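A quick write-up on the structure given underneath.
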């Protein structure tokens, strides 16, 4: 595990796998997750290539921004800082849900760094059902859990290792390793300050794009698929039998869809070189 300074925060990331000549992958988690949740995927992908799983600023073991800067351009710059620190020049960027925003921005603004882009159950227009579920769940998280068991009970989870990794000890108990800024946004009903037009950014991306949608997703509506395809001619859609958390609910289906996309990307790159 490593840390790198990016602006006013230190970004934590996990580096897995071995260099076997394949393009490395950097994964960015979503709002209710952190790098730990991607370890299973990272270990599987790491059999063929190097993989980095990063904690976004404000999440996991990365710093909370003292200035409250969680704009998409700043989070995209965190990705570039991690790539520079790792010594990676060209990568596949994988972003789940909210994390996809920063990967899109990084690919659009730093095209020489992005070999391909995989957007996992993300579109700039969240379906109303999923948006309401997310707002309610994030806004309602207690400020403090007295014990790890209490947190597990609240989230209806039996994965103790996950919560031991995702909780931070504080006087009186534990808190989630997530800046309360995000909870306050949903409590207030304000829209987060993105600092960009996400549809425009998708259109600016010049590498192959995979848009992976969970067939039972409440965030990425079926009717948005056509709009995603229209946003960029390089974008292809793959559907996997899962809800919003595709990799967590159906890791095999996720890996199958992603590996097929990666194989296409590598073959096209090899053809272009020859």
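What follows is calculated from the coordinates using simple rules that are stated; it is not laboratory data. In this text the structure is predicted, and so the values were computed from the model without any measurement. Neighbour counts are summed over all protein chains in view; Cβ atoms, including those assigned to glycine, are modelled from backbone coordinates with ideal geometry.
Any chance you could check the Cα centroid distance between the stretch 206-274 and the stretch 69-129 for me, in angstrom?
15
May I have the extent of the alpha carbons of the stretch 62-119 along their three principal axes, as whole Å values ordered from largest to smallest?
Here the Cα extents, ordered largest to smallest, are 32, 24, 17 Å.
What share of the DSSP beta bridges in the chain is antiparallel, in percent to the nearest 5?
Details: 16 of 40 bridges.
Roughly 40 percent of the DSSP beta bridges within the chain come out antiparallel.
Given points 7 Å out from each Cα along the Cα-Cβ axis, report the residue 216 to residue 48 separation in nanometres with one decimal.
That separation, rounded to one decimal, is 2.7 nm.
Ratio of Rg to Rh for the chain, alpha carbon only, Kirkwood? Mind showing how you got there, number by number?
Details: Rg = 17.9 Å, Rh = 18.9 Å.
Using Cα coordinates only, the ratio equals 0.95.
Please compute, for the alpha-carbon atoms of the stretch 8-56, the extent along each of the three principal axes and give them in descending order in Å.
Each principal axis gives a Cα extent; for the stretch 8-56 these are 33, 23, 12 Å.
How large is the Kirkwood hydrodynamic radius of the stretch 84-147, in angstrom, based on all distinct alpha carbon pairs? Display every interim value, and only then the final one.
On the way: mean 1/r = 0.0711 Å⁻¹.
For the stretch 84-147, the Kirkwood estimate is 14.1 Å.
Fewest to most neighbouring Cβ within 10 Å: what's the order for 216, 101, 191?
Numbers: 216 14, 101 26, 191 7.
Ascending Cβ contact count within 10 Å gives the list 191, 216, 101.
Bin width 10 Å, origin at 0, all Cα-Cα pairs of the stretch 101-248: what percent of pairs per bin?
10, 31, 33, 21, 5, 0
Evaluate Rg over Rh across the stretch 27-106, taking Cα atoms for both radii and Kirkwood's formula for Rh.
Details: Rg = 12.1 Å, Rh = 12.8 Å.
Answer for the stretch 27-106: 0.94.
By how many degrees, 0 to 90 and rounded to 10, does the Cα axis of helix 72-86 deviate from the longest principal axis of the chain?
The angle comes out near 70 degrees.
Report, in deg cm²/dmol and to the nearest 500, the calculated mean residue ellipticity at 222 nm for the chain, where each DSSP H run with n ≥ 4 adds -39500 (n - 2.57) and the sum is divided by the residue count.
Numbers: 11 runs with 110 residues, N = 274.
Helix contribution divided over all residues of the chain: -12000 deg cm²/dmol.
Taking a point 7 angstrom from the Cα of residue 143 along the C-beta vector, which residues in the stretch 163-187 have backbone N less than 14 Å away?
171-176, 180-181, 183-184
Treat the count of other C-beta atoms within 10 Å as a stand-in for reagent exposure and order 49, 90 from fewest to most. Before the final figure, lay out each step's value.
Details: 49 20, 90 14.
Going from sparsest to densest Cβ surroundings: 90, 49.
Over all directions, average the projected area of the Cα convex hull of the stretch 18-160 and note it in nm².
Details: hull surface 39.5 nm².
Mean projected area of the Cα convex hull: 9.9 nm².
Go through 242-249, 76-83, 5-12, 227-234 and give me the packing order, highest mean Cβ count within 10 Å leading. It would help to have the intermediate numbers written out before the result.
Details: 242-249: 21.1, 76-83: 23.0, 5-12: 18.5, 227-234: 16.1.
My ranking of the peptides, most packed first, is 76-83, 242-249, 5-12, 227-234.
With Kirkwood's inverse mean 1/r over C-alpha pairs for Rh, give me the Rg to Rh ratio of the stretch 196-274, two decimals please. Walk me through the intermediate numbers first.
On the way: Rg = 13.8 Å, Rh = 13.7 Å.
For the stretch 196-274, the value is 1.01.
Could you give the angle, 0 to 90 degrees to the nearest 10, between helix 128-139's Cα long axis and the longest principal axis of the Cα atoms of the chain?
Roughly 40 degrees, rounded to the nearest 10.
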